[in-house]
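Readers should treat all values here as calculations from the given coordinates under stated rules, not as data from a laboratory. No experiment lies behind these values; they were computed from the predicted model shown. Neighbour counts run over all protein chains shown; Cβ positions are idealised from the backbone, glycine included.
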Amino acid sequence: MYDELTEIDIQKMQAEIDYRTTTLRPKLIEDVQTARAFGDLSENFEYKSAKREKNRNDSRVRYLERMIKTAKVITDRSGADTVGLFDKVVLYFEDDDETQTIELVTTLRQNSLKGLISKESPLGKAILGHRAGERVTVELGPGSYDVTIRSIEKGADDASLDISAY
């Protein structure tokens, strides 16, 4: 399965790869070499810690490279009055009698604590392409709930949202 990402997502991932390979990796290799010089490796916490950080960095680079390699580049093709990517949407949750504002984003930039909801999530899939005033059922496997779209504020991918760290 391909990850659906925007051109800006890919640019941000490439920038992170460049930073991690040209700036961070040499520093981490130096840290490993310095810690190795402390002596007995079996009881050398600094060495193990430095090695772990270097491996985490290398793992992140491999992950980002794989994401770029398998990405399907998408753009928002929603109409002027329908929910699309990077739109801010005010939702009314009927079961809780609450109103919440969310922004629909790509999976790489989701952060539910900040109201950034992936278009791949059950809520994102349910509201994508619908209009203000429509009542939508969000399917969750064993259950479901209803939301009403109160308003839509059209947005654009302005590159201000960070990509997820892990």
**Fill in**
HN-Hα couplings for segment 89-95 via Karplus (6.51, -1.76, 1.60; θ = phi - 60°), in whole Hz with x for Gly/Pro, come out as 10, 8, 10, 10, 8, 5, 4
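How much FRET efficiency would the formula 1/(1 + (r/R0)^6) give for residue 98 and residue 154, where r is the Cβ-Cβ distance and R0 is 30 Å, rounded to 0.05? List each step's numbers first, then the result.
Working: r = 24 Å, r/R0 = 0.79.
E between residue 98 and residue 154, to the nearest 0.05, is 0.80.
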**Karplus 3J(HN,Hα) series, Hz, for segment 153-163 with 6.51 cos²θ - 1.76 cosθ + 1.60 (x for Gly, Pro)** = 10, 4, x, 9, 7, 9, 6, 7, 8, 6, 7
**Asked** Of 27/48; 114/154; 12/72, which pairs sit farther than 20 Å apart, going by alpha carbon to alpha carbon?
**Response** none
**Asked** With no solvent and one point on each alpha carbon, what is the Debye value of log10 I(q)/I(0) for segment 53-96 at q = 0.20 Å⁻¹?
**Response** -0.76
**Request:** With everything on Cα atoms, drop me the angle between helix 25-36 and the longest principal axis of the chain, reported from 0 to 90° to the nearest 10.
**Result:** 40
**Complete:** In degrees rounded to 10, the 0-90 angle between helix 45-70 Cα long axis and the longest Cα principal axis of the chain is 40
**Fill in**
Of the residues 28, 110, 91, the Cα lying farthest along the dipole of segment 1-112 towards its positive end, which is defined by charges on the beta carbon of Lys, Arg, Asp and Glu, belongs to 28
**Message:** Give me the dipole magnitude in Debye, nearest 20, for segment 20-141 about the Cα centre, with unit charges on the beta carbon: positive for Lys and Arg, negative for Asp and Glu.
**Reply:** 960
**Asked** Cα-based Rg of the chain per 2.2 N^0.38 Å, rounded to two decimals?
**Response** 1.38
**Prompt:** How high is the FRET efficiency between residue 140 and residue 23 when r is their beta carbon distance and R₀ equals 35 Å, given to the nearest 0.05?
**Reply:** 0.25
**Message:** Which one, 78, 37, 156, is farthest towards the positive end of the dipole of the chain when Lys and Arg carry +1 and Asp and Glu -1 on their Cβ?
**Reply:** 37
**Request:** On a 0 to 90° scale, report how tilted helix 7-19 is relative to the longest principal axis of the chain, with both axes built from alpha carbons and the result rounded to the nearest 10.
**Result:** 10
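Among DSSP bridges having both ends in the chain, what percentage is antiparallel? Round to the nearest 5.
Working: 19 of 25 bridges.
The antiparallel fraction comes to roughly 75 percent.
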**Prompt:** Shape call for segment 3-73 from the C-alpha gyration tensor, a ≥ b ≥ c root eigenvalues: rounded (a/c under 1.5), prolate (a/b greater than b/c) or oblate?
**Reply:** prolate
**Item:** Paired Rg and Dmax values of segment 88-153, which use every Cα atom, in angstrom
**Value:** 11.0, 32
**Prompt:** Once the piece of chain linking residue 72 and residue 114 is laid out straight, how much longer is it, given 0.36 nm per residue of separation minus the C-alpha distance between them?
**Reply:** 12.6 nm
**Request:** Could you work out which residue, out of 72, 48, 125, moves most in a Gaussian network model of the chain, that is, has the largest mean-square fluctuation with Cα springs under 10 Å?
**Result:** 48
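If packing is taken as the average number of other Cβ atoms within 10 Å across a peptide's residues, how do 26-34, 140-148 rank, most packed first? Can you show the working numbers first?
Values: 26-34: 14.1, 140-148: 12.1.
Top to bottom by mean Cβ count within 10 Å: 26-34, 140-148.
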**Prompt:** So what is the calculated 222 nm ellipticity per residue for the chain, using -39500 (n - 2.57) for each DSSP H run with n of 4 or more, over all residues, to the nearest 500 deg cm²/dmol?
**Reply:** -11000 deg cm²/dmol
